[in-house]
Amino acid sequence: MVGKRFGPVALALVLAGCGSGGSTKSTGTSGAPADPGAPRGLVADGTATQKVRADLAFVVVEPENSGGSISFPPSSAADPSAQRAGLLARLRTLGLPDTALHMENGSVLSSGVGGETRLRVEVPVAKLPGIASDVSKAIDAVMGTTDVAGLRFAVEDCAAALSTARVDAVKDARRHAEGLARAADVVLGQLRGVTEGPSDPLTAAYFAALGNGEPCGRSAIDALSVLSTYGPPPQPLDAKPEVELTFSVSATFALADTADRTLTATGTGEVTGKADRAEIVVAQSTLGESISSSSSGAQPTGSGSFTPADGDRITRALTALGVREDAVEVEAQGGRLRYVSATVPVDVLMKNGSKIVDAVNGVTGVLAPSGVLFISSACDDLVAQARARAMTDADKRLAGLARAAKVRSGPIVGLVEPRGTVSPFATPPDPCDVDLESLSSGGQIGDLLGGSAGLPGVPKLEAIDAEPKVTQRVSVTEVRAITG
C-alpha cells in the first residue's frame, strides 16, 4: 500500500549530538560563570507529540512539492487577474467567500522557478473531503493543471488543544536528565526552572518566526506555503483532518555545587555494536538514471507518474523477497514517489538486499539512490556506553585545561548533552527510533549517503553491502568549578 505519512523536511543540519528521548542543549542559568555561555546545573530538553483534530483546512497548490512534474503558466504568459477572477467565480458557486482565496505569482522564494503561481483556499473542515475535491477541480479548470492540489491543516488555538504533550515533555526532560546524571555520577537535584520551547537559540529563533514550528493559526499555513520547499508536503485531498503537535521544554536541574569560576570542555564518545535489523531505503531522485526494463516484469512508471497500483506492485515484489508486508513503507505524494523502505533481519539483507533495491527500481524505472540504516536491539545500552566514554573524554580535557591554566578543577557544576536536529521544523532524531520522514529533504533521503550524516545523533545510510554494525556517538559538555 502507498503510505500517507508526510513529515519534515529539509536536511539543514543545525547542531549534531546524541541522546535518548528528549534533547539537551546548553543554556544559561542562575549564577555568574566566567563563561556566560557555559551551562549551569544540568540542562535537559524534553519533547512530546500529540495528535489533535484540526479546525482549519486549506486546499493548497505549491509547485515546489510537485517534484518538477507540474509546470504552471508563467506570469508573462497568463493574466493573474483573469485567473483570480475565474477562481473566485467558481469558488462562489461552492459557497466559499472571496476571502477564502489567497493567490500569488512569482514568489522570490520559489526555489529558482520564477513566475509560478501558488495559492491556497480555506475550506470548512466539516465539509471535507468533498469540498476539497470540488476546489481542486475548480483550480485545475482555471489554471490548466491536473491533480496538483493538496490539503494543509492547522489548529486555531494550539495552546488550548494541547493536553498530554506538556506533561509528557517534562517527563521526557527528566528521563534524559537522569540518564546524563548517571553517566556523570552526580546527584540530580530539584527542578530549578522550565522554559517552553527548545533551549538552542538558533532553533528557538526559527520556531518563533514560524509560529513555534507548529500548524497554529492561518499565519502558520501562510509561512509553510512560502517555505514549502523546506516544510512538510501537503496531504492528500481525502486526508483525515488532524495535526500532530510537538511540544518542547528546556528543564534545568540543580547540582550540588555552584561556582563563579569554571572550566568547560566537550567530550565525545563512540561505541559500535552488532546490528540485528536493517532498514533498506530507496529514495526517488530527479537525478536518477532512467532504465528501460523492469526486473519485476512490470512496465516502469517513470518519474512523476507514481500511482497506488505501483505501490502495490512494489509491496508484492518485496514480500516475494522475504520482506514482511507490514515492514514495507511506500511514501508517495502528488503522483511522485518519495521513498520506499523495507525493514528486514540482517540475514535477509545479506541474501536479498540488492534484489530488493532492484525490485523497487524496476517498478519506478529509475536507478534511485539507496542505502541501509542499521538497527540494534541493544541501542539503548550502546548510547549509555557512548555517553560514559564522552564523560571520560571531557574529564581528560578538563584536566589538561586545568594544568595549562595552573588551576585545580573541582566538582561538576554544569552538564549538557547537545543533540542535533535535521531541521528547524523537526524534533531532534532519537538515535534508537529513527523516523525516515524527519530525515528526508523533499524525498531526497539519498542525501544521507553523503558526508553530512554520521555526526553525533544524526544517523547515516550505509551502502547495501556494508558491514552490519551500529555506531552511536555522543557529545557531552561538562563544566567544573575552579577550586584553586
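The values are calculated or read from the model by the stated rules, or taken from the named source; none is laboratory data. The model shown is predicted, which means the values in this text are computed figures rather than measured ones. Positions of Cβ are backbone-derived with ideal geometry, glycine not excepted, and every protein chain shown enters the neighbour counts. To get the accessible areas, we keep the full protein, side chains included, count just its heavy atoms, and leave off ligands, DNA and RNA. Shrake-Rupley method; radii C 1.70, N 1.55, O 1.52, S 1.80 Å.
Table for the structure above
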item: Residue, surrounded by the fewest Cβ atoms within 10 Å (Cβ to Cβ), within region 142-154, restricted to residues that are assigned to a loop (DSSP other than H, G, I, E, B) and touching a strand residue (DSSP E or B) at 6+ places or on another chain (Cβ under 9 Å); result: Thr145
item: Residues of region 393-415 satisfying the condition of being touching a residue at least 24 places away in the same chain (Cβ under 8 Å) and open to solvent by 70 Å² or more (accessible area, probe 1.4 Å); result: Lys396, Arg397, Leu401, Arg408
item: Residues of region 121-141 that turn out to be aliphatic (A, V, I, L, M) and open to solvent by 40 Å² or more (accessible area, probe 1.4 Å), as a count; result: 2
item: Members of region 311-329 that are of a type in the set (A, V, I, L, M, F, W, C) and open to solvent by less than 40 Å² (accessible area, probe 1.4 Å); result: Ile314, Ala317, Leu318, Leu321, Val323, Ala327, Val328
item: First in region 244-258 and in contact (Cβ under 8 Å) with a residue 12 or more places away in the chain, second anywhere and surrounded by fewer than 24 Cβ atoms within 10 Å (Cβ to Cβ) and basic (Lys, Arg), Cβ under 6 Å, 6 or more apart; result: Glu244/Lys51; Phe247/Arg166; Thr252/Arg192; Ala254/Arg192
item: Meets criteria (of a type in the set (A, V, I, L, M, F, W, C), modelled with pLDDT of 85 or more and out of contact with any Pro (no Cβ under 6 Å at 6 or more places or on another chain)) for Leu255; result: yes
item: Filter pass, Ser341 being out of contact with any helix residue (DSSP H, G or I) (no Cβ under 9 Å at 6 or more places or on another chain), among the hydroxyl-bearing types (Ser, Thr, Tyr) and either at pLDDT 90 or above or under 17 Å from Phe306 (Cα atoms) (or both); result: no
item: Candidate set from region 106-141 (those that are hydrophobic (A, V, I, L, M, F, W, C) and in a strand (DSSP E or B)); member that is modelled with the lowest pLDDT; result: Leu119
item: Residue within region 351-365 that is in a loop (DSSP other than H, G, I, E, B), open to solvent by 40 Å² or more (accessible area, probe 1.4 Å) and touching a residue at least 12 places away in the same chain (Cβ under 8 Å) present; result: no
item: Exclusive hit being on the phi > 0 side of the Ramachandran plot, more than 25 Å from the chain's Cα centre (by Cα) and modelled with pLDDT under 90, set Gly443, Gly365; result: Gly365
item: Positions within region 164-190 being open to solvent by less than 70 Å² (accessible area, probe 1.4 Å), out of contact with any helix residue (DSSP H, G or I) (no Cβ under 6 Å at 6 or more places or on another chain) and either over 30 Å from Lys240 (Cβ atoms) or of a type in the set (Gly, Ala, Ser) (or both), in sequence order; result: Ala165, Ala169, Ala173, His176, Ala177, Gly179, Leu180, Ala181, Val186, Gly189
item: Selected residue (only one of Val458, Val422, Val474 is among the hydrophobic types (A, V, I, L, M, F, W, C), in contact with a Pro (Cβ under 8 Å, 6 or more places away or on another chain), surrounded by 19 or more Cβ atoms within 10 Å (Cβ to Cβ) and at pLDDT 75 or above); result: Val474
item: Filtered residues of region 168-194 (kept if touching a residue at least 60 places away in the same chain (Cβ under 8 Å), over 22 Å from Arg389 (Cα atoms) and aliphatic (A, V, I, L, M)); result: Ala169, Val170, Leu191
item: In region 260-284, residue most open to solvent (accessible area, probe 1.4 Å) [restricted to those that are closer than 30 Å to Ile314 by Cα and outside any strand (DSSP E or B)]; result: Asp276
item: Pairs where the first residue, in region 113-133, is within 16 Å of Leu88 (Cβ to Cβ) and the second is hydroxyl-bearing (Ser, Thr, Tyr) and at pLDDT below 95, C-beta under 7 Å, 6+ apart; result: Arg120/Ser225
item: Unmet requirement for Ala54, which otherwise passes all of (1) more than 30 Å from Ala161 (Cα to Cα); (2) at pLDDT 50 or above; (3) of a type in the set (A, V, I, L, M); result: (1)
item: Filter pass, Leu382 being modelled with pLDDT of 90 or more and out of contact with any Asp or Glu (no Cβ under 9 Å at 6 or more places or on another chain); result: yes
